[in-house]
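Here's the structure we're looking at; comments come further down.
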Amino acid sequence: MTKEVTLTIDGKQVTVPEGTLVVDAAKKIGINIPVFCYHPKMEPVGMCRMCLVDIGRPVIDRQTKQPVLEEDGSTKIQFGGKLETACTVPVSEGMVVEGLSEKVKQGRKEIVEFLLTSHPLDCPICDKGGECPLQNLTMDHGPGESRFIYDDKIHFDKNVPLGDLIWLDRERCIQCARCIRFQREIADDAVLEFFHRGRATDIITNSEPGFDSYWSGNTTDICPVGALTTADFRFGARPWELKSAASICTHCPVGCNMTYNTRREAKSGGDIVIKRAMPRQNEWVNELWLCDKGRFAYHFAENENRLTQPLIRKGGNLTPTSWDDALALVADQFKNAGESLLTLVSGRLPNEDLFNLKKLTDGLGGKARLHSYMAGGDLVAQVGLSEGSNLAELGEGDVIVVVACDLEEEAPIWWLRVKATVQRGAKLIVANPRPTKLDRYATEIIRYQYGEEISAVRQVGNLSYAENAVVFFGSDGIGLETSAALAITCANLLIQSGHAGKPNNGLVGVWPRANEQGAWDMGFRPGANLAEAKALYIVGANPVGDDPAIAEIITQADFVVVQELFLTKTAELADVVLPAQAQIEREGTYTSGERRVQRFYPVVLPKVDTRPDFDIAAQIGAKVGVELKGRFPSLVMSQICAEVPGYESITYQRLAEVTEQWPIVGRGDLYYGGTSYENKQGLGIQLHSQRGFGTSKISNYELPKGEVIAVPITLLYDRGSMIIPSEVLHPRIPEPYILVNPQDSLTLKTTDGMMVGISINGGESSNIVVREDENVPQGFALIPRSMGVPIDKPRQFEIRIAEAAMA
């Protein structure tokens with residue numbers, strides 16, 4: 001047990017663990033010591049000196065080693081001659097801290113005055129105005145006027161693009177180094193540093209392209225002044241004009257908690273629009289951070305190409321119609337199809353939608369399928385992380401295994417959190433055919449060839465020595481069949497070593513979409529045979545966009561309904577297209593890869609004449625005799641609670657519950673934790689494990705034959721329909737490419753940078769750039785998913801070299 005220490009701060013007594021810093025101890029009892037450079041998630045540096053306090057310590061008798069007492073029996077306290085920084089001094093027994101004395105007030109006043117010597121007085125036009133720690137602390141602690149001669153002020157460039165996403169105003173920077181330290185300590189992307197000395201010191205980026213990091217947006221949250229701003233928000237609105245709405249990120253299975261800031265504005269025709277996305281604290285999920293994809297890739301929901309009315313095919317063309325006519329036609333055709341109906345969904349749909357769609361399909365005798373290249377969600381439900389788990393609690397004596405996964409590309413926040421467990425002493429085993437960023441922290445690296453995933457997991461050996469064990473399995477270089485075998489092997493490893501069914505132990509699927517685990521829980525399974533269906537009901541999925549060869553299969557169906565946000569390649573082939581509401585326009589729940597059910601809330605008003613997917617399913621159900629709950633997703637959740645194993649205790653009321661978190665952050669104190677939002681709308685509920693698990697057998701699978709085999713990999717920034725509408729990210733989205741080993745490039749008769757065509761799985765792709773990389777295993781070519789080349793699993797392929805490329 002950690003030793004406890006009792007001290008007094010501004011007359012209040014507090015007991016905290018030994019080693020706690022004075023600034024943190026004060027925070028626990030509601031005393032806000034002002035800071036600029038200190039942040040509770042980073043190591044203290046004592047650079048800004050704003051947190052000056054007067055510290056007294058008990059006088060200890062040198063002979064007896066006991067505290068010296070005053071005449072009244074109290075402990076004699078001796079204060080130092082100088083003020084000390086509260087962010088660097090650990091607490092000690094009997095310590096007395098004064099933060100309200102005239103000596104302290106004068107010290108803080110002088111620090112603020114010094115910081116303002118060359119700081120521009122442009123608060124009325126600064127994006128940080130209204131949520132600026134320097135502005136607030138100047139009002140609380142600064143002088144009423146400056147003694148510094150105006151002509152001696154130093155002026156710097158005010159509009160410096162550090163990268164595509166972040167702009168720097170060098171005049172406003174106070175050299176707190178928060179951004180530099182975040183990139184070095186938290187993100188492990190040391191792409192920022194100080195340049196020059198003294199009053200000429202400024203921030204520069206040392207990467208190419210500039211500020212090359214998936215985490216750059218977080219620096220604007222923790223910057224205590226208006227020096228760093230995001231490209232999509234700067235000069236866009238004032239903080240006091242913004243409303244806030246809690247939501248959940250839709251881009252990966254982590255389930256990051258976030259807050260959207262909105263405003264009704266004239267230039268948008270009086271509509272309420274999103275102005276920015278901000279982190280919302282959840283220490284069990286994303287702590288205080290967001291990756292840049294989660295922060296900037298929300299524009300898809302506001303895209304002008306959104307569907308806003310039902311469409312029916314007449315005379316070969318899709319034409320607008322009414323909801324009544326569209327639903328009547330759909331209901332009639334679905335009843336006729338009966339057991340020949342196949343419903344295909346994706347993991348981006350919320351639980352309520354998935355439940356109603358599954359019930360509707362079952363009620364008609366059809367099949368419910370999940371559009372995915374990963375398997376194992378049923379095993380995660382049995383041996384996944386169970387109630388009470390938190391990656392932040394893992395450390396010395398614990399083991400984490402990451403297999404077939406480039407974690408920072410597939411689920412960035414998990415990369416941060418796994419890295420942190422290693423820094424706390426956990427053992428990390430990384431098994432992958434190629435190097436990834438996580439290798440930097442690996443205790444053990446297992447390098448295998450693609451196709452040898454099962455044997456690689458078996459090399460891990462018995463984990464029985466570990467106090468806790470967590471296994472992450474991804475989709476690097478594999479397809480659905482291999483994914484199923486890999487999930488079974490990983491589950492068996494946990495079961496056989498006694499690491500299943502208890503907190504901080506279990507299996508985590510690094511799913512390609514936010515609610516893929518929820519889709520498994522609601523009863524959907526991958527492996528759809530579209531050719532067998534007479535009627536297709538495709539909801540939130542775009543199989544033709546992923547593989548154009550599927551178009552021919554879909555056109556063979558008698559009747560096709562597509563329910564979507566956009567007129568996708570799949571929707572273009574439909575007989576009926578139904579316009580759905582986006583996640584930001586409604587409420588619902590997602591189940592994360594860690595099996596945490598979380599609630600999201602409406603952010604903006606729905607597009608005219610769109611409807612939520614669960615309600616559309618309910619309206620179809622009413623016409624075909626399948627009773628479903630509509631209108632309110634909470635009613636659907638009550639049915640999920642009653643019928644879906646593991647969800648028995650889930651209610652919207654419980655999902656909205658919160659508890660105290662550390663560090664304590666909030667919009668009332670912007671200087672301590674930054675501008676991240678306090679969580680007042682719910683931390684979510686982690687599901688308990690479904691009992692009755694046992695080891696499973698593995699089916700055989702083989703790689704295709706060939707000199708060089710194409711295998712799929714995942715990129716954070718792809719060319720999918722949910723990211724392309726966010727123009728601010730376009731500079732970070734690469735052109736379609738294929739990665740090959742230089743030796744294989746000779747075999748394929750290509751060169752680095754050559755533009756080629758690729759024939760794969762019956763499809764043709766052109767304008768693909770060849771990239772040579774020695775880290776690519778020989779005999780394999782890596783093709784990113786959702787980048788213009790249809791690839792769902794390892795496949796044979798052919799390179800087509802254009803005459804222009806050869807020339």
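The values are calculated or read from the model by the stated rules, or taken from the named source; none is laboratory data. For clarity, every value in this text was computed on a predicted model and none was experimentally measured. Cβ sites come from the backbone with ideal geometry, for glycine too, and all protein chains shown count toward neighbours. Keep in mind that these areas ignore ligands, DNA and RNA; they rest on the heavy atoms of the full protein, side chains included. Shrake-Rupley method; radii C 1.70, N 1.55, O 1.52, S 1.80 Å.
Observations
- P(r) tail fraction, the chain - alpha-carbon pairs more than 52 Å apart, %: 18 percent
- Which of H371, H688, H196 is most accessible, then next, and so on - probe 1.4 Å: H196, H688, H371
- Among the GluC sites (Glu not before Pro) found in the range 373-471, those both in a DSSP coil and sparsely packed, with 13 or fewer other Cβ atoms within 10 Å of their Cβ, are E396.
- 18 Å Cα-Cα reach of K793 towards lysines, excluding residues that sit fewer than 8 places from it in its own chain: K705
- Neighbour count of at most 11 Cβ within 10 Å plus DSSP loop: longest chymotrypsin sites (Phe, Trp or Tyr not before Pro)-free window in the chain: 466-807
- Using Cβ point charges alone (K and R +1, D and E -1), the dipole size of the chain about the Cα centre works out to roughly 840 debye.
- Computed over protein heavy atoms with a 1.4 angstrom probe, the accessible surface ordering of E4, E43, largest first, is E43, E4.
- Shown here for the range 1-56: trypsin sites (Lys or Arg not before Pro) in loop regions (DSSP other than H, G, I, E, B) with at most 13 other Cβ atoms within 10 Å, namely K3.
- Computed from Cα atoms, the angle from the helix 633-643 axis to the main principal axis of the chain rounds to 70 degrees.
- Under the combined filter of DSSP loop state and at most 16 neighbouring Cβ atoms within 10 Å, the range 429-502 retains these trypsin sites (Lys or Arg not before Pro): R447.
- Helix content alone sets the calculated 222 nm mean residue ellipticity of the chain: runs of n ≥ 4 DSSP H residues at -39500 (n - 2.57) each, divided across all residues, give -6000 deg cm²/dmol.
- Between the range 195-270 and the range 508-561, the alpha-carbon centres lie 36 Å apart.
- Ligands, DNA and RNA left out, the 1.4 Å accessible surface of the range 128-201 is 51% carbon and sulfur atoms.
- Accessible area in square angstrom per residue, the chain, 1.4 angstrom probe: 40 Å²
- Neighbourhood charge, 9 Å Cβ-Cβ cut-off, centred on L687 and excluding it, Lys, Arg +1 and Asp, Glu -1: 0
- Taking the chain and dividing mean pair separation by its residue count, relative contact order in percent (alpha carbons under 8 Å, at least six apart): 13 percent
- Relative contact order (%) - the range 474-562, alpha-carbon pairs under 8 angstrom, separation at least six: 23 percent
- Folded to 0 to 90 degrees: helix 412-423 orientation relative to the chain principal axis, Cα: 50 degrees
- Charge sum, other residues only, whose C-beta stays under 10 Å from M522's C-beta, Lys/Arg counted +1 and Asp/Glu -1: -2
- Only Cα pairs under 8 Å and 6+ residues apart enter the sum, and on that basis the relative contact order of the range 207-334 stands at 18 percent.
- Approximate spin-label separation E93-R424, in nm, with each point projected 7 Å along Cα-to-Cβ: 2.8 nm
- Using every pair of distinct Cα positions in the range 272-411, the Kirkwood expression returns a hydrodynamic radius of 20.1 angstrom.
- The residues neighbouring R795, those whose beta-carbon lies less than 12 Å from its own, together hold a net charge of -1 under the Lys/Arg +1, Asp/Glu -1 convention.
- Accessible-area value, R654, 1.4 Å probe, nucleic acids and ligands omitted, Å²: 90 Å²
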